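Participant: Below you will find the structure I want to go over with you.
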Amino acid sequence: MLIKNARLVLDNGDEALRDILVSEGKITEISEEIGIEGAIRKIFQNESHLVKMDYLDLEGRYLIPGVVDAHVHMRDPGLTHKETVTTGSMSCAKGGITTFIDMPNTIPATVTEEALEDKRGIFKGKSYVDYGFHFGGSGDNNSQEIMKVKNTASTKVFLNISTGKMMVEKDETLDDIFSSSKIVSVHAEEEMVGKAISLTKKNGNELYLCHLSLKEEVEELKRAKSEGMKVYGEVTPHHLFLNTDNRDENEESKKLLIMKPELKSNRDNESLWEALRNGTIDTVGTDHAPHLLSEKREKTTFGIPGVEHSLEMMLNGVKDGKISMKRLIEVMSENPAKIFNIKNKGRIEVGYDADFVELNLDLERVIKREDVVSKCGWSPYEGMKTGGTVLTTVVRGEIVYKNGNFKNKIGREVEFNG
Ligand code: DOR
Ligand code: ZN
Ligand code: ZN
């Protein structure tokens, strides 16, 4: 693949137009000018089986590293009427997410080695983008299984009630789970954030605080960081862009805009943006938690879809001066890959996987229900304008999505370094 005239955001924050050469799924050269003939010659040296070379001229449009979403509930297996790996990964590809990490609250829950292996079998060959798995901590104390499983992002522990029956309550069990995990991701709300931090301090491991939604939670995270702890924070686009005013607009919104943690106030929106800018919060993750509209209307059902519009919504933040393009790339692509040690992901750099998103910031669209590809069939952002459009999504040098069309289910499991 040869990409011409891509607008890159460099490490020092400057922007520059660059050409990029990709061979066998990896970035092999980034320079001011790569001629087509030279590119063909270089690629033929490496790829004898080469039959075609994709050529993209970006004409100065942004190319950013593919988004890594560390917090996705793909519902496969067991809840596939809501989402499947295939529909969920289409939603990712359309939204510029080239790697997602799946959560364990499926049916069965991913809390045994066997369930994880089954899930691996289910995902294989069905995803448009790359993926990895969080293993689940179980109330039955599965620390033996935690120590057995290989190549997972973290152990996910629910410290509050949510979708699925995965809450872990007993202190003894929590201690065992934390002490057998290198990094724990937690669903922790309010005072549970402090509890998760204490458990981490006691066991000397790392902590990923999912979906922070309150100013006070951010302050706890800041304190832990200042003590030198390896504690990381995530925020969702919905806790940045939405608050209780959106939820209380009408009866329909009251039912749809329900999730855990719930939407908070404008005060919290602002402190989350500030923490995202100043480095207290490290990542944006969607908590993509699709449910059908019928399920949401019938009874209180926690969760909203997110992957399809997270990047395009975050571009509104760039346009409104709430976050720089450089910081957006850090929190959406680079940091999630770094925190979970995902091999070769998250940066546009020679040697890394050629995972890219081409953006058109001049093309703003209104989000409409009929355009949604997620199986749940709706979006919390309907009627809102995007800050730009994902034109092309590339995974390891292959176009998986372009201008509304989906190409190849080439997604595979990522590798986590040590
Ligand atoms: O709202 C939520 N939905 N919060 C969670 O923690 C889980 C998620 C789901 O799986 O539906
Ligand atoms: Zn959660
Ligand atoms: Zn979640």
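The values are calculated or read from the model by the stated rules, or taken from the named source; none is laboratory data. Source: prediction; values computed, not measured. Please note: Cβ atoms are built from the backbone with ideal geometry, for glycine as well, and neighbour counts cover all protein chains shown. Just the protein is used for accessible areas: all its heavy atoms, side chains included, with ligands, DNA and RNA removed. Shrake-Rupley method; radii C 1.70, N 1.55, O 1.52, S 1.80 Å.
Participant: So in region 207-250, with the set limited to residues that are open to solvent by less than 30 Å² (accessible area, probe 1.4 Å) and more than 20 Å from E270 (Cβ to Cβ), which one is nearest to ligand 1 (Cβ to nearest atom)?
Facilitator: Initially, region 207-250 is screened for residues open to solvent by less than 30 Å² (accessible area, probe 1.4 Å), giving 207-214, 217-218, 221, 224, 231, 233-240, 242-243.
Next, from what is left, pick out any that are more than 20 Å from E270 (Cβ to Cβ): 207-208, 210, 224, 231.
Working: L207: 16, Y208: 14, C210: 8, A224: 21, V231: 19 Å.
Selected residue: C210.
Participant: Can you tell me which of L391, L363, L292, L328 is open to solvent by less than 60 Å² (accessible area, probe 1.4 Å), of a type in the set (A, V, I, L, M, F, W, C), touching a strand residue (DSSP E or B) at 6+ places or on another chain (Cβ under 6 Å) and at pLDDT 95 or above? Full working, then the answer.
Facilitator: Numbers: L363 fails: open to solvent by less than 60 Å² (accessible area, probe 1.4 Å); L292 fails: touching a strand residue (DSSP E or B) at 6+ places or on another chain (Cβ under 6 Å); L328 fails: touching a strand residue (DSSP E or B) at 6+ places or on another chain (Cβ under 6 Å).
Result: L391 is the single residue among L391, L363, L292, L328 that is open to solvent by less than 60 Å² (accessible area, probe 1.4 Å), of a type in the set (A, V, I, L, M, F, W, C), touching a strand residue (DSSP E or B) at 6+ places or on another chain (Cβ under 6 Å) and at pLDDT 95 or above.
Participant: Could I ask something else about it? Please enumerate the residues belonging to region 394-404 that are on the phi > 0 side of the Ramachandran plot and either surrounded by fewer than 19 Cβ atoms within 10 Å (Cβ to Cβ) or of a type in the set (V, I, T) (or both).
Facilitator: Within region 394-404, the subset on the phi > 0 side of the Ramachandran plot is 396-397, 403-404.
Scanning region 394-404 gives N403, G404.
Participant: Here is a check on your reading of the model: is S180 modelled with pLDDT of 95 or more and within 16 Å of ligand 3 (Cβ to nearest atom)?
Facilitator: no
Participant: Can you name every residue in region 279-308 that is within 13 Å of ligand 1 (Cβ to nearest atom), in contact with a helix residue (DSSP H, G or I) (Cβ under 9 Å, 6 or more places away or on another chain) and more than 13 Å from K375 (Cβ to Cβ)?
Facilitator: Matches in region 279-308: G285, T286, D287, K296, T300, T301, G303, I304, G306.
Participant: Considering only region 44-73, how many residues are farther than 19 Å from Y401 by Cα and at pLDDT 95 or above? Walk me through it before giving the result.
Facilitator: From region 44-73, those farther than 19 Å from Y401 by Cα are 44-51, 60, 70-73; that's our starting set.
Still in the running and at pLDDT 95 or above: 60, 70-73.
Of the residues in region 44-73, 5 are farther than 19 Å from Y401 by Cα and at pLDDT 95 or above.
Participant: Can you work out which of the residues in region 366-387 that are of a type in the set (V, I, T) and touching a residue at least 60 places away in the same chain (Cβ under 8 Å) is surrounded by the most Cβ atoms within 10 Å (Cβ to Cβ)?
Facilitator: Across region 366-387, the extreme among qualifying residues is T386.
Participant: For region 183-294, which helices (runs of 4 or more DSSP H) that fit wholly inside it have 3 or more residues that are more than 30 Å from A93 (Cα to Cα) and within 16 Å of ligand 3 (Cβ to nearest atom)?
Facilitator: 191-203
Participant: Something else about it: For K343, are the conditions met, namely being surrounded by fewer than 23 Cβ atoms within 10 Å (Cβ to Cβ), touching a helix residue (DSSP H, G or I) at 6+ places or on another chain (Cβ under 9 Å) and within 30 Å of F135 (Cα to Cα)?
Facilitator: So K343 passes the test.
Participant: Moving on. Could you check region 167-177 and list, in sequence order, the residues that are closer than 15 Å to I146 by Cα and either buried (at least 19 other Cβ atoms within 10 Å of the Cβ) or within 16 Å of ligand 3 (Cβ to nearest atom) (or both)? It would help to see each step written out before you state the result.
Facilitator: Initial filter on region 167-177 (closer than 15 Å to I146 by Cα): 168, 173-177.
Selection gives V168, L174, D176, I177.
Participant: Within region 306-325, restricting attention to residues that are crowded, with 24+ Cβ neighbours inside 10 Å and among the acidic types (D, E), which residue is farthest from the chain's Cα centre (by Cα)?
Facilitator: Residue satisfying both the conditions and the ranking: E312.
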